[in-house]
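Asker: Here it is, the structure in full.
None of the figures in this text is laboratory data; all of them are computed from the coordinates on show. Not measured: the values here are computed from a predicted model. Cβ coordinates were reconstructed from backbone atoms using ideal geometry, including for glycine residues, and neighbour counts include every protein chain displayed.
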């Protein structure tokens, strides 16, 4: 099962790269046949081949990309943090005064809050670093 997932992920990741990896000559009908009489081998610029690398992302800088990724992580992680806080509340309720269960519930709540603060703090730190870098350039 893991190998099927790995093959599917590799296919989804590399298939667009292979499909769109064409030169200008390939799109205009290919290169001339080298076995034809009178043809000579030339450089890539003489054949009219050119390669270009286009940015497929909607971001102009790596800082914008990192902040966008962190914003997606916040959207995904916020419900998880809320669920863990609710679970810690249930642990408090079901502890019924048992010292070890109350301590476990306190630890779960503490870790959930620390996780939420770290997630929000990561975006804040990235934004601060982005502003510092752009102010010096």
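Asker: Starting from 0 in steps of 10 Å, tell me what percent of the Cα-Cα pairs of the range 50-109 lands in each bin.
Answerer: 20, 25, 18, 15, 12, 7, 3, 0
Asker: What FRET efficiency, computed as 1/(1 + (r/R0)^6) with R0 = 41 Å and r the Cβ-Cβ distance, is obtained for residue 86 and residue 53, rounded to the nearest 0.05? List each step's numbers first, then the result.
Answerer: Values: r = 47 Å, r/R0 = 1.15.
Using R0 = 41 Å, I get an efficiency of 0.30.
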